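The values are calculated or read from the model by the stated rules, or taken from the named source; none is laboratory data. Note that the structure is a prediction, hence the values are computed from the model and not measured. No Cβ is skipped: glycine too gets one built from the backbone with ideal geometry, and neighbour counts run over all protein chains shown.
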Amino acid sequence: MVRSYKNNMITGASPMGLVLISYDLLIKSLDQAKLATEQQDFEHESEFIGRAARVITDLRYALDMEKGGEISQNLASLYHFMTQRLLEGQAKDTVKAIEDVRKLAASLREAWQAVANQEHPVAYAVGA
């Protein structure tokens with residue numbers, strides 16, 4: 001039942017809605033990775049960091065570099081940084097890396113929510 005609801009929510013979402021859903025999944029995955037790290041559950045830590053990295057990759061591939069111009073280029077750079085930070089963090093100071101990326105993800109999600117609330121030309125960065 002819950003899975004069906006989530007599938008319907010995703011299927012019916014606008015491009016902007018999908019971006020927001022992606023950020024929600026990213027933040028949730030980072031929270032789960034941090035908890036697993038703190039509990040020294042390295043199997044789940046790796047699983048959730050991998051999930052977060054895949055969401056970041058999806059966000060990056062969703063960018064429309066032609067229509068989004070400089071905004072899309074800046075987001076691509078941020079997504080690259082976020083992925084690198086997670087990968088580097090797995091070698092040392094994992095919790096700090098997760099916190100850094102989560103903070104950035106939360107800020108970006110908040111910005112996208114503001115855009116969604118205003119219908120602004122920046123929406124073209126994701127082909128909305």
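Of the helices (runs of 4 or more DSSP H) that lie entirely inside the range 1-104, those containing 2 or more residues that are under 20 Å from residue 115 (Cβ atoms) and either touching a His at 6+ places or on another chain (Cβ under 8 Å) or at pLDDT 90 or above (or both) span 15-38, 42-62, 65-91. Restricting 91, 106 to those that are out of contact with any strand residue (DSSP E or B) (no Cβ under 7 Å at 6 or more places or on another chain), surrounded by fewer than 19 Cβ atoms within 10 Å (Cβ to Cβ) and closer than 23 Å to residue 17 by Cβ reduces the list to 106. Counting only residues that are touching a residue at least 12 places away in the same chain (Cβ under 8 Å) and under 15 Å from residue 85 (Cα atoms), the range 46-73 holds 9 of them.
The single residue among 128, 114 that is of a type outside the set (Val, Ile, Thr), over 14 Å from the mean Cα position of the chain (by Cα), outside any helix (DSSP H, G or I) and at pLDDT below 95 turns out to be 128.
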